[in-house]
Amino acid sequence: MPADREPSEFDVEIDRTNTSSSKWDKYRGRDVLPFWVADMDFAMPAFIRTAIAERLEHPVLGYTRTPEDMVEAFLSWLKREYGWEVPEEWLVWIPGVVTGFNLAARAVAQPGGSVLIPTPVYYPFLSTPRHAGQESIEVPLVKDDDRWVMDFDAMAAACRAGTRLFMLSNPQNPTGRAYAEEELRQLAAFCLRHDLYLCSDEIHASIILAPDAGHVPVAAIAPEIAERTISLYAATKTYNIPGLGCAVAVIADARLRRDFRRAMVGLVPGIGPLAYAASTAAFADASDWTQRLIGYLRGNHQRVREVVGARMTPVEATYLAWIDLTDLGFPDPAARLEAFGIGLSEGGDFGGPGFVRLNFACPRSLLDRGLARFEDALARLSSRPAPETVSD
Ligand SMILES: Cc1ncc(COP(=O)(O)O)c(C=O)c1O
């Protein structure tokens, strides 16, 4: 522990072996530190464990309707955090946000239809149109100084007559952008002009790191955009309970809501009582736990930037760094880095080949070990001949 900072609850390294953790078991038996999938290596707050334990005091875990206090906690959260007041009837509860955007695509799909997606993006977005029998139109984000932004001209040019849906990740995974209200207004106008539905995945809304950034729910901007938007929320990222899937779609338009619900029939299971208990406690949280988490993540972000430098843009939101390794000349840099004991997400899976995504939501000591390996790997890979000239 460096002398210049106080110990933190987030410094504790938790052994996740024998929990069948997706993140850690990917490299079971190998000396590879995992910084890939977006789950944090931090303990959930005590008040969530208590809420789960209290529910477990009842011995029956039956099929469960959405509890009233869940609805109340979520609606109050939306109002408290963003000043957005919505009626209960707009809510559709679902077991996950990925489920939600796949349902959105199915709900609005038409024969010959297509879906517009800015890339790079959280990789399940990319297969969503195909699952709904729709074409996918991927339009790259562009770098404007130190920020990735939507390219409205390119998106307009890419739009076709049958384009039905725009899929937004905000805050953006993997570039870490928290889109500003002005950009979202421009997007809303774009969707209206091109007659597009909008599916807005806002799962990272509460993890805003940049002091001058904030989260704006796009549907709260104006009733006209709310009428064509499916907004998706969950507390599972912020409170590190992704194994207790619980999410909610906010859909203002009755017909769109009906079509969304129809797409669920026979496929989407209900949410379990423990997941409801955990997410209710999370949305009702009035403590400063999230602020403490964000403070810690800011420190980690600083460490990552010190090592990664200009290869990444500053992360405004999320705990994910999008790192440009295109100069190394590998289409699969994450696979190369694995050989040096660091497990990152492959940028190509997000539509950004040559990049890697690093999840820095872990104790600083673990992050520092990973960053040391990353530096070592980069030094070695950069000093190699370009891949085309490597001989066997
Ligand atoms: C942008 C984004 N959306 C959705 C998810 C997953 O949501 P869920 O587990 O509720 O399906 C993630 C997880 O990393 C994510 O980063």
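The values are calculated or read from the model by the stated rules, or taken from the named source; none is laboratory data. Note that this is a predicted model, so its numbers are computed, not measured. Because the Cβ atoms are built from the backbone with ideal geometry, glycine has one as well, and the counts that use them run over all protein chains shown.
Yes/no per residue for (1) surrounded by fewer than 20 Cβ atoms within 10 Å (Cβ to Cβ); (2) at positive phi; (3) touching a residue at least 40 places away in the same chain (Cβ under 8 Å):
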| position | (1), (2), (3) |
| --- | --- |
| Pro45 | no, no, yes |
| Thr50 | yes, no, yes |
| Val60 | yes, no, no |
| Asp69 | yes, no, yes |
| Glu85 | yes, no, no |
| Asn102 | no, no, no |
| Ala105 | no, no, yes |
| Val121 | no, no, yes |
| Gln134 | no, no, no |
Practice task
Could you tell me which residue of segment 2-20 is nearest to the ligand (Cβ to nearest atom), considering only residues that are touching a residue at least 12 places away in the same chain (Cβ under 8 Å) and either touching a helix residue (DSSP H, G or I) at 6+ places or on another chain (Cβ under 9 Å) or not β-branched (Val, Ile, Thr) (or both)?
Solution key: Arg16
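Determine whether segment 15-29 contains at least one residue that is touching a Leu at 6+ places or on another chain (Cβ under 7 Å), within 25 Å of Leu274 (Cα to Cα), not in a strand (DSSP E or B) and not hydrophobic (A, V, I, L, M, F, W, C).
Among the residues of segment 15-29, not one is touching a Leu at 6+ places or on another chain (Cβ under 7 Å), within 25 Å of Leu274 (Cα to Cα), not in a strand (DSSP E or B) and not hydrophobic (A, V, I, L, M, F, W, C), which makes the answer no.
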Exercise for the section: State yes or no: is Ala235 surrounded by 22 or more Cβ atoms within 10 Å (Cβ to Cβ) and within 16 Å of the ligand (Cβ to nearest atom)? Expected result: yes
Fill in the blank from the handout: Quick count over segment 243-294, residues being without any contact (Cβ under 8 Å) to a residue 12 or more places away in the chain and assigned to a helix (DSSP H, G or I), is 4
Fill in the blank from the handout: Expected single match for of a type outside the set (Lys, Arg) and touching a Pro at 6+ places or on another chain (Cβ under 9 Å) among Glu88, Glu135, Glu183 is Glu135
Exercise for the section: Determine whether Phe74 is within 23 Å of the chain's Cα centre (by Cα), assigned to a loop (DSSP other than H, G, I, E, B) and not basic (Lys, Arg). Expected result: no
Exercise for the section: Mind checking which strands (runs of 3 or more DSSP E) fall wholly inside segment 77-151 and carry at least 1 residues that are over 21 Å from Asn173 (Cα atoms) and at pLDDT 95 or above? Expected result: 91-94, 114-119, 135-140
Problem - For Met40: the one exception among (1) closer than 20 Å to Tyr296 by Cβ; (2) exposed (fewer than 13 other Cβ atoms within 10 Å of the Cβ) - result: (2)
Exercise for the section: From (1) assigned to a loop (DSSP other than H, G, I, E, B); (2) crowded, with 23+ Cβ neighbours inside 10 Å, pick out the condition that doesn't hold for Ala321. Expected result: (1)
Exercise for the section: Output the residues belonging to segment 309-343 that are under 21 Å from the mean Cα position of the chain (by Cα) and either within 14 Å of Asn173 (Cα to Cα) or of a type in the set (Ser, Thr, Tyr) (or both). Expected result: Met312, Thr313, Pro314, Val315, Glu316, Ala317, Thr318, Tyr319, Leu320, Ala321, Trp322, Ile323
Practice task
Search segment 184-214 for residues being in a loop (DSSP other than H, G, I, E, B), buried (at least 18 other Cβ atoms within 10 Å of the Cβ) and not hydrophobic (A, V, I, L, M, F, W, C), and hand back the single one that is nearest to the ligand (Cβ to nearest atom).
Solution key: His204
